[in-house]
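First up is the structure itself, then whatever we jot down about it.
Just so you know, all these numbers are worked out from the coordinates, no wet-lab data involved. As the structure is a prediction and not an experimental result, all values here were calculated from the model. All Cβ positions, even for glycine, are placed from backbone atoms using ideal geometry, and neighbour counts span all protein chains on display.
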Amino acid sequence: MSPRPAADGVTIVRRIRTVLHRIPRAAWICALIAFLNAACWSIITPPFQVPDEPAHFAYVQQLAENRTLPKSRNGAFSEEEEVALHDLRQEEVQWHPESHTIATQAEQRRLEHDLAQPLPRSGPSDAGVATSEPPLYYALQTIPYLLGSGGNLLVRLELMRLLSALMAGLTALFVYLFVREALPGASWAWAVGGLCIALAPLLGFMSGAVTPEGGLYAVSAAIFYLLARGFRRGLTPGLAVAIGVVIGIGMLTKINFVGLIPGVIVGLLVLAIRAARTSRRTACRSLALAAGIAASPVCLYVVSNLISNHPALGVISSGINITSGRGPVLKEISYIWQSYLPRLPGMTNYFPGISTTIQMWFDRSVGFYGWNDTSFPVWVEQLALILAGLLAMLSVRALIMVRATLRRRLIELGVYAVMAVGLLALIGASSYLVPEEAGTYSEPRYLLPLLSLLGAALVLGARGAGRRWGPAVGAVIVILFLAHDVFSQLQVIARFYG
């Protein structure tokens, strides 16, 4: 008779295989397309020409080479990375659209020659702006970093970028599964949501780089899917464990995940109350499992910060200290409101002459690449606004068609709304901490944890065209996203290579 641990291991493997086999083939196709798209972005985007990528690489290098968390935010990296940044003319290209990356054979030979030297890889415990971020994403990135340790820095960087591209695949996979659970009416429409997210250029751009935001997008899509599954099938101990694990992973991936937590908590409470109608004991057990598992990584994060002489809650602690000296809370609420919506009477005008909804969020969502200095012409943004308006009308029509079902699911929709509002409030509050630069954090990449909701809106838009025309409209939407992705890549190529 085989030992019990071995039998348990076989059982776990079988369960994993069963779960994977239940995932539709279309979902895997969406994941593959998202990975390939992000991989393409990782190739066309020059090294270290994505926001804060030099700092994120330094964090990984610090973990891999020194086995410790970074402690300084001064921006002094290892000699190897400093040489690479210098030879790539990173600072000359950053923030300067008129400057291009290296292009001559002489520059390439110099870069390869310098990186072939035995340059020290151990830095001064410095990861710049990334220093206060949670460590999970960076710990995972040490795997490709160490696998490529025999090559030069650029080889390791590309391997790390490909790991981020895999996370884009997970994002598209979970978005597909989310729309399948949330909008089960038409199976053909699920692929519309999954494919459009897989081809979303901003997802490809960010997930084709070394940044924990790629991990955040995947974890956020996963938590939306698990909650949708709970609302459709009920809260079970197994689902509660999965939700707790994903919350813990999210908290250890990037601090912005905190914005989703209020909505997740509300969702868990609603699911537990519903489950209590059948079995109060099972409901309490499930809720306790989710809460206990989710809280464990937070405790580890606090302990690791204290050991490394950081504030207990990392950047949250810093934010609390800064916000406490910024004046009345109502002013901050007013600022956050105006960051997304038109100013109400009596509010101080923080964004004079600017429509934040259109100019700061929508237009930048159409194209905002490189160091936030690469975008499309104005006419493209105007055309995109018209198309988005048409899609919004189709989505409203779809909601009207299923208004009876909509009324029964208002609580579930409310949970998703709380998650969205929580993230928006966190982003707005972060921008409020920098009073001299209004809208500092008004970058669409910070909204990508809500990709699941975008996928659902796209599915509704396709279904709003009706049974006869819906599939055709869905195909047009996917083609538009593909065209947007291709032309976005061309914009980035023109920006960096002339």
Packing-based order for 482-490, 192-200, using average beta carbon neighbours within 10 Å, highest first = 192-200, 482-490
key: Relative contact order (%) - region 25-497, alpha-carbon pairs under 8 angstrom, separation at least six   = 21 percent
Nitroxide proxy distance, nm - points 7 Å out along Cα→Cβ at residue 95 and residue 476 = 4.4 nm
request  = Show me 339-351, 85-97 ranked by packing, highest mean number of other Cβ atoms within 10 Å first.
outcome  = 85-97, 339-351
note = Note on the chain: C-alpha Rg/Rh, Kirkwood Rh, two decimals, gives 0.97
key: Within region 389-421, backbone nitrogen closer than 15 Å to the virtual label 7 Å beyond the Cα of residue 469 toward Cβ   = 390-398
key: Calculated from backbone phi, Karplus (6.51, -1.76, 1.60) coupling profile of region 398-413 in Hz, x at Gly/Pro   = 5, 5, 5, 5, 10, 4, 5, 5, 4, 4, 6, 10, 4, 5, 4, 4
request  = Along Cα→Cβ, 7 Å out, is where each label goes; now give me the distance between the ones at residue 403 and residue 354 in nm to one decimal.
outcome  = 3.9 nm
ask   = How much mean residue ellipticity at 222 nm does the chain get from its helices, if each DSSP H run of length 4 or more adds -39500 (n - 2.57) and you divide by all residues, to the nearest 500 deg cm²/dmol?
value = -22500 deg cm²/dmol
query = Could you give me the ³J(HN,Hα) list for region 29-35, computed from phi with Karplus coefficients 6.51, -1.76, 1.60 and θ = phi - 60°, whole Hz, x at Gly and Pro?
reply = 5, 4, 5, 5, 5, 4, 5
task = Using a cut-off of under 16 Å, list every residue of region 135-177 whose amide N is near the label point 7 Å from the Cα of residue 36 along the Cα-to-beta-carbon line.
result = 165-166, 168-170, 172-173
request  = Please give the net charge around residue 138, taking every other residue with its beta carbon less than 13 angstrom from that of residue 138, where Lys and Arg add +1 and Asp and Glu add -1.
outcome  = -3
inquiry  = Among 400-410, 49-59, how do they line up by average Cβ neighbours within 10 Å per residue, starting with the highest?
reply    = 49-59, 400-410
task = Please list, in chain and number order, the residues 5+ apart from residue 72 or on another chain whose amide H is under 5 Å from its amide H, with Hs placed from the backbone.
result = 126, 127
ask   = Residues of region 65-87 with amide nitrogen under 20 Å from the 7 Å Cα-to-Cβ point of residue 114?
value = 75-87
